[in-house]
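Working notes for the structure below.
The values are calculated or read from the model by the stated rules, or taken from the named source; none is laboratory data. This one's a predicted model, so the numbers in the text were calculated from it and none came from an experiment. FYI the Cβ positions are ideal-geometry reconstructions off the backbone, even for glycines, and counts take in every protein chain you see. For accessibility, only protein heavy atoms count, side chains too; no ligands or nucleic acids. Shrake-Rupley method; radii C 1.70, N 1.55, O 1.52, S 1.80 Å.
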Amino acid sequence: MKLTATQYASILYALAVTPFSASALPTESSTLRARNNGAGDASGMASDKWAQALAKAQATVAQMTLQEKVNMTKNAGNAGCSGNLFGVARLGVDPICFNDSPTGIAGSFKSSQFPAEITYGATWNRQLTYAGAVAMGKEFKDTGITNGLAVMCGGLGTTPYGGRNWENWSPDPYLSSVLTGEKVRGMQVGGVQATTKHFVGNEQEYLRIGGPAGGYTGGNLTQTLSDTISDAAMHETYMLPFAEAVREGSASIMCSYNKINGTAVCQNSAVIDLIKNELNFPGFIISDWGAVRNGTAGELAGTDVIMPFAPPDWANTTLGAITEDRITEQVLRVLLPYYALDQDNDYPSINFDRYVVNGSDNIYQTGVEAVTLLKNRNRAGGEKGGLPLGNQDVGLFGDAGQTPISLNQWSPIFADAPNNEMPAGYVSHGGGSGWSQAPYLITPLDAMQERARKQKFYLEHFLLYNTTAYPRSYVGPVGAATVYPFEADLARIDTAIVFVTKYSREGYDLHDLKLDRGGEDLINAVASKNNDTIVVINAGSQVDMSAFVNHPNISAIVYHYFPGQEGGKALSDVLYGDAAPSGRLPFTIAQNVSDYDLSSYFNLTGTANIQEPSVNFVSESLTDYRYFDYNNIEPLFEFGFGLSYTTFDFSGLNAVKKPSVNKLLVVKTNEVFLDHSVDLYDQSVEVTVDVQNTGSVDAKEVVQLYVTYPDSGTNKRPVKNLRGFEKVAVKADGKSKVTISVTNKDLAVWNTERQGWEILSGEYTLHVGSSSRKLPLNATLNF
């Protein structure tokens with residue numbers, strides 16, 4: 001993340017308040033040791049190229065002086081990047097440039113603004129996610145960036161109030177793990193190293209770095225939030241996406257700001273061991289910017305690269321705790337992906353002014369496939385209105401056009417608008433280090449104006465964001481005031497489309513789940529005067545729909561998340577039926593905000609003197625729909641839900657035990673599969689099902705597979721877990737057969753006593769359908 005001088009000063013303060021001393025080491029300091037697993041041993045690497053890269057790294061490091069090694073573990077200065085390692089010119093090692101973000105190249109106005117990960121999550125399309133990651137990786141490489149701080153899977157999004165939920169795929173760990181793996185692989189195929197972040201438990205912004213004021217205002221480590229996460233929940237939920245990142249060869253893992261069980265993650269040997277030892281991670285652990293408060297503790301615990309500043313005790317062999325062997329290991333981990341991705345061979349020079357836009361087609365298609373239709377009139381049943389639109393006259397209300405200020409003005413974290421709200425206008429992204437500039441932006445107003453010109457219908461945009469602008473008056477040349485009441489404007493149109501927003505950003509959690517700038521009032525005001533009112537919601541997480549969802553004049557509700565630079569065109573094409581909506585919710589939307597689980601959210605506010613704040617994740621693995629299922633809470637719109645312009649039927653479910661060996665990826669983990677000699681990631685079961693399009697529109701359906709374990713419902717075991725999905729295109733009145741592979745790990749649970757994965761004895765139920773609550777087909781298998 002790029003930081004201003006003020007932000008750097010804040011982090012310097014945060015570092016200064018916890019200077020090095022022996023007493024500042026974590027309580028487990030007596031057992032801290034240098035982590036060598038994977039740094040000098042190629043036995044866990046399934047890729048010959050990576051094994052060869054390790055040998056090359058070893059040869060290079062053997063020629064380095066101690067100071068050159070130290071310089072490869074700390075920031076040399078930004079040089080336009082979020083951070084840089086020095087490099088060793090005499091050995092042909094270039095400086096290593098780290099740069100944000102998960103949506104594109106922060107700091108470049110000539111690169112693509114990709115959709116947020118939550119938007120890719122709503123597509124449920126792994127191929128589309130991979131293709132977008134390849135395009136993004138190529139843009140990073142073409143700009144000269146070595147390492148993209150670009151894969152976000154932690155925080156997971158355990159509550160809808162998290163300020164950075166929009167940066168992640170979904171609060172479901174399986175959906176997140178699949179798409180995390182695709183993005184890591186895609187970005188590195190594109191040529192740039194991928195950093196996967198933030199490990200682990202960074203589930204809220206408030207007190208993440210001990211600053212009660214929020215943002216990047218640093219505070220004392222004693223004011224930093226500590227999470228208590230059970231061993232089972234850590235493995236079955238929070239580690240799951242990181243395991244896929246490691247298997248796909250993620251160059252680096254970023255450790256998070258928060259504490260786990262009382263110790264800062266970047267200084268917590270037990271937590272870093274989960275990555276380096278259990279998952280056999282051969283790359284390097286990089287700190288979030290300012291997350292290491294004590295250099296010696298961080299280094300001994302396993303953090304390899306520190307950002308943005310190194311305290312005096314970092315990589316300091318004169319103090320006795322840090323040895324040159326430990327520093328050598330750190331540099332080996334840094335150089336391994338550098339050589340594995342051939343970044344020593346004619347890599348482009350750094351130039352943020354180079355035009356590298358390469359992702360427009362993927363961004364558009366992602367925007368199309370993310371459109372999630374939550375409500376629509378039943379035209380087959382004789383109802384009028386709703387979607388898709390025809391050639392009727394249309395009025396656009398609210399946030400349909402560009403903001404009245406610069407396109408790229410309002411997304412940095414320190415743009416402190418009241419209550420996280422941004423000025424009226426179309427929002428394609430959230431804010432903070434997950435944001436990137438757009439080279440251009442197609443708003444819904446832009447796209448629909450072009451369509452109005454071609455299809456010859458009347459279109460008007462009403463620039464209000466609430467009804468206080470009415471009645472409007474105009475004073476003519478003779479001084480007489482002519483009043484244009486709200487009703488007069490609505491009388492000119494057939495269909496009203498209301499665009500509303502819920503903005504979110506790094507540094508601050510959401511105060512509530514209400515729409516920005518009184519969006520609910522605008523929706524109801526328009527719907528009270530127009531019986532074909534369509535609502536479009538741009539948001540990075542759940543919003544409270546209770547104030548308008550059941551209004552009889554609302555004919556359709558669409559969720560479009562944060563879709564990036566092509567969002568308006570993608571949305572318009574779906575609204576007009578050029579493509580059928582195929583997005584599915586990546587989270588649950590509750591009937592009442594009180595239905596959400598807030599047990600893992602620390603929200604004690606009102607004092608600047610909070611000390612040792614902590615929160616116990618008592619719901620364990622019951623995130624999102626799993627919490628609703630376990631507690632028998634009926635959602636408003638369930639996880640995985642989404643309507644289409646057609647209907648689908650499922651039939652012919654067949655689930656059979658079909659063990660087969662899956663191809664190993666880059667890294668073979670050290671995870672223990674109890675009582676089995678086969679690999680944890682080999683296939684165990686094959687599931688096939690037929691999907692019939694029973695309508696007259698070509699469309700895509702998402703086939704979802706959930707598994708109920710033999711002891712589900714006890715010991716906070718989820719009632720069912722998503723364990724497979726495939727998105728399939730089906731022609732009108734056509735049929736497709738879908739095959740889903742279920743691995744051993746998909747069926748396994750974590751045994752805390754034996755410290756390994758086990759498949760339970762008993763009956764497993766496999767459910768197949770179109771959402772977490774619509775699962776018409778079931779099959780059972782005994783193990």
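Before moving on, here are some points about what is shown:
- Yes/no for residue 380 being among the aliphatic types (A, V, I, L, M) and either assigned to a loop (DSSP other than H, G, I, E, B) or touching a strand residue (DSSP E or B) at 6+ places or on another chain (Cβ under 6 Å) (or both): no
- Residue satisfying all of: in the stretch 645-662; in contact with a Gly (Cβ under 8 Å, 6 or more places away or on another chain) and in a loop (DSSP other than H, G, I, E, B); surrounded by the fewest Cβ atoms within 10 Å (Cβ to Cβ) among these: 647
- Residues that are open to solvent by 10 Å² or more (accessible area, probe 1.4 Å) and closer than 18 Å to residue 438 by Cα are absent from the stretch 534-543.
- Single residue of 620, 634, 701 found to be modelled with pLDDT under 95 and either surrounded by fewer than 18 Cβ atoms within 10 Å (Cβ to Cβ) or out of contact with any Cys (no Cβ under 9 Å at 6 or more places or on another chain) (or both): 620
- Within the stretch 542-574, being closer than 23 Å to residue 169 by Cα and in a strand (DSSP E or B) holds for 557, 558, 559.
- Here residue 367 passes the criteria (1) surrounded by fewer than 24 Cβ atoms within 10 Å (Cβ to Cβ); (2) modelled with pLDDT of 95 or more; (3) part of a helix (DSSP H, G or I); (4) not basic (Lys, Arg) except the one numbered (1).
- A single entry from 583, 577 fulfils the requirement of being within 30 Å of residue 439 (Cβ to Cβ) and either in a helix (DSSP H, G or I) or open to solvent by 10 Å² or more (accessible area, probe 1.4 Å) (or both): 577.
- Every residue from the stretch 511-529 that is surrounded by fewer than 24 Cβ atoms within 10 Å (Cβ to Cβ) and either among the polar types (S, T, N, Q) or part of a loop (DSSP other than H, G, I, E, B) (or both): 511, 512, 513, 514, 524, 528, 529
- Test set (1) in a loop (DSSP other than H, G, I, E, B); (2) in contact with a strand residue (DSSP E or B) (Cβ under 9 Å, 6 or more places away or on another chain); (3) surrounded by 13 or more Cβ atoms within 10 Å (Cβ to Cβ) - residue 612 fails condition number: (3)
- First in the stretch 541-559 and in contact (Cβ under 8 Å) with a residue 12 or more places away in the chain, second anywhere and aromatic (Phe, Trp, Tyr) and in a loop (DSSP other than H, G, I, E, B), Cβ under 7 Å, 6 or more apart: 541/587; 542/587; 554/548
- Whichever residue in the stretch 225-258 is in contact with a Pro (Cβ under 9 Å, 6 or more places away or on another chain) and either among the small types (Gly, Ala, Ser) or not in a helix (DSSP H, G or I) (or both) and, among such residues, is surrounded by the fewest Cβ atoms within 10 Å (Cβ to Cβ): 226
- Within the option set 114, 98, being open to solvent by less than 10 Å² (accessible area, probe 1.4 Å), at pLDDT 95 or above and assigned to a strand (DSSP E or B) holds for one residue only, 98.
- Set 178, 246, 184: member being at pLDDT 95 or above, of a type outside the set (S, T, N, Q) and over 21 Å from residue 50 (Cβ atoms): 178
- Criterion applied to 155, 181, 190, 132 was being in contact (Cβ under 8 Å) with a residue 12 or more places away in the chain and touching a His at 6+ places or on another chain (Cβ under 8 Å), and the one residue passing it is 155.
- In the stretch 663-687, the residues that are surrounded by 15 or more Cβ atoms within 10 Å (Cβ to Cβ), polar (S, T, N, Q) and more than 26 Å from the chain's Cα centre (by Cα): 683, 684
- Considering only residues in the stretch 737-764 that are of a type in the set (S, T, N, Q) and open to solvent by less than 30 Å² (accessible area, probe 1.4 Å), the one that is modelled with the lowest pLDDT turns out to be 751.
- Matching option when the condition is part of a loop (DSSP other than H, G, I, E, B), charged (D, E, K, R), on the phi < 0 side of the Ramachandran plot and touching a strand residue (DSSP E or B) at 6+ places or on another chain (Cβ under 7 Å), among 753, 671, 686, 726: 671
- Yes/no for residue 777 being closer than 28 Å to residue 589 by Cα, surrounded by fewer than 21 Cβ atoms within 10 Å (Cβ to Cβ) and touching a Phe, Trp or Tyr at 6+ places or on another chain (Cβ under 7 Å): yes
- Members of the stretch 119-134 found to be open to solvent by less than 10 Å² (accessible area, probe 1.4 Å) and among the small types (Gly, Ala, Ser), listed by number: 121, 122, 132, 133
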